[in-house]
Each structure stands twice: as C-alpha cells, then as structure tokens.
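The values are calculated or read from the model by the stated rules, or taken from the named source; none is laboratory data. In this text the structure is predicted, and so the values were computed from the model without any measurement. For neighbour counting, all protein chains shown are included, and Cβ atoms are generated from backbone atoms with ideal geometry for every residue, glycine included. Quick note on the areas: whole protein, heavy atoms, side chains included, nothing else; ligands and nucleic acids left out. Shrake-Rupley method; radii C 1.70, N 1.55, O 1.52, S 1.80 Å.
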Amino acid sequence: MISCEKAKHLCDKSQYNESSLWERIKLSIHLYTCKVCSKYSKKNSKLTSLCEQANMFNLSEADKAEMKKVFDQENIK
C-alpha cells in the first residue's frame, strides 16, 4: 500500500503522463480502497479538463524574466 500523500503525487504525475506503469497500478489499487483520494483524483481530472478547455497557457521563460525585471525595477524606486 501507498500513503495518501504518495497517491496524490502519483495522481498528479499520471495526469501528465509522467508516471510509470507500476506507479499507475499502485495508484489504481489505492484509489479503489481510498474514497478520499478517489475524490481528489476526480476533482483533479476535472480541473485539468477545465483548464484545457479554457485554453490556459504558461508564460514563456523570456516573458517571466521580463516580468521579474519590471518588478525588480519597481522595488528599487
């Protein structure tokens, strides 16, 4: 058995196809026996789906650097 904390981590990894087959098997067993983690997994999947439907995106590294530069300049003033 895995802990609920480990199950949440594996849930996040498996959503982004970063988990191994063995990790997905352990997660499936845990989700079958733990209703709290099963509920977390369902809500997490729904959140990911909603984010994809909303066409959300991340800032590029260049945009992040530019934003940090502007923030740093404002803090100096």
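The table below lists the values:
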| item | result |
| --- | --- |
| Computed helical MRE - 222 nm, the chain, DSSP H runs ≥ 4 contributing -39500 (n - 2.57), nearest 500 | -25500 deg cm²/dmol |
| Read-out Rg and Dmax of the Cα atoms in Å, derived from the coordinates shown; its label in (i) 18.2, 56; (ii) 11.2, 36; (iii) 10.9, 31 | (i) |
| Taking the range 4-76 and dividing mean pair separation by its residue count, relative contact order in percent (alpha carbons under 8 Å, at least six apart) | 27 |
| Net dipole in debye of the chain [+1 Lys, Arg Cβ; -1 Asp, Glu Cβ; about Cα centre; nearest 20] | 540 |
| Residue-normalised accessible area of the range 4-76, given per residue in Å² at a 1.4 Å probe | 83 |
| Added length on full extension, which subtracts the Cα-Cα distance from 0.36 nm per residue, L50 to Q73 | 4.7 nm |
| Candidate lysines for bridging to K8, where Cα separation is under 19 Å - those fewer than 8 sequence places away on the same chain excluded | K26, K35, K39, K42, K43, K46 |
